Amino acid sequence: DMDFKVAGTEEGVTSLQMDIKIAGITEEIMQQALAQAKDGRMHILGEMAKARTSANEFSVHAPRIEVMNIPVDKIREVIGTGGKVIRDIVETTGAKIDISDDGTVKIAS
């Protein structure tokens, strides 16, 4: 009787745990167990990849957020005199814009 757990990537095994209740294990049994584990691991990774692909397909109604950095000395130009430039951008695009003192710009639409 053997309990064999294997974890890994498509490239190979990253960890394994084996509990055996017999006196020893042959190379043949170990090869068979690793082959079965590889088949199972590849199947699970394939299913995970399918789920990840469908999760990346966002609704057209989902909000979009972009984060970018600008040089601190350019913040004034993006905001404009009295906030005119940034207000024009917001009115034209409908986006919400937040500019931090460190130059981080967050744009949400």
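The values are calculated or read from the model by the stated rules, or taken from the named source; none is laboratory data. From a predicted model like this one, the values you see are computed outputs, not experimental measurements. Here the Cβ is made from the backbone with ideal geometry for all residues, glycine too, and neighbour counts use every protein chain on show.
Within region 1-32, being aliphatic (A, V, I, L, M), free of Cβ contacts under 8 Å to residues at least 24 places away in the same chain and over 29 Å from Ala49 (Cβ atoms) holds for Ile20, Ile22, Ala23, Ile25. Taking each residue of region 75-97 that is without any contact (Cβ under 8 Å) to a residue 24 or more places away in the chain and looking for partners that are of a type outside the set (S, T, N, Q) and loosely packed, with under 11 Cβ neighbours inside 10 Å with beta-carbon atoms closer than 6 Å, six or more apart or interchain, yields nothing. The residues listed here are Ala49, Ala35, Ala62; of these, the one that is out of contact with any Gly (no Cβ under 7 Å at 6 or more places or on another chain), assigned to a loop (DSSP other than H, G, I, E, B) and either in contact (Cβ under 8 Å) with a residue 24 or more places away in the chain or aliphatic (A, V, I, L, M) (or both) is Ala62.
Would you confirm, using the coordinates I've provided, whether Ala23 is part of a helix (DSSP H, G or I), at pLDDT below 90 and farther than 25 Å from Ala108 by Cβ? No.
Within region 63-73, the set of residues being farther than 21 Å from Ser109 by Cα and either surrounded by fewer than 11 Cβ atoms within 10 Å (Cβ to Cβ) or under 19 Å from the mean Cα position of the chain (by Cα) (or both) comprises Pro71, Asp73. In region 2-22, the residue that is farthest from Gly46 (Cα to Cα) out of those that are surrounded by 10 or more Cβ atoms within 10 Å (Cβ to Cβ) and of a type in the set (A, V, I, L, M, F, W, C) is Ile20.
Report whether or not Ser109 is touching a Gly at 6+ places or on another chain (Cβ under 8 Å), among the small types (Gly, Ala, Ser) and surrounded by 10 or more Cβ atoms within 10 Å (Cβ to Cβ). Give the steps one after another, and end with the answer.
Values: touching a Gly at 6+ places or on another chain (Cβ under 8 Å): yes; among the small types (Gly, Ala, Ser): yes; surrounded by 10 or more Cβ atoms within 10 Å (Cβ to Cβ): yes.
For Ser109, the condition - touching a Gly at 6+ places or on another chain (Cβ under 8 Å), among the small types (Gly, Ala, Ser) and surrounded by 10 or more Cβ atoms within 10 Å (Cβ to Cβ) - is met.
Got a number for residues in region 81-100 being part of a loop (DSSP other than H, G, I, E, B) and modelled with pLDDT under 95? Here the count works out to 2.
Looking at this structure, is Ile107 among the aliphatic types (A, V, I, L, M) and within 21 Å of the chain's Cα centre (by Cα)?
yes
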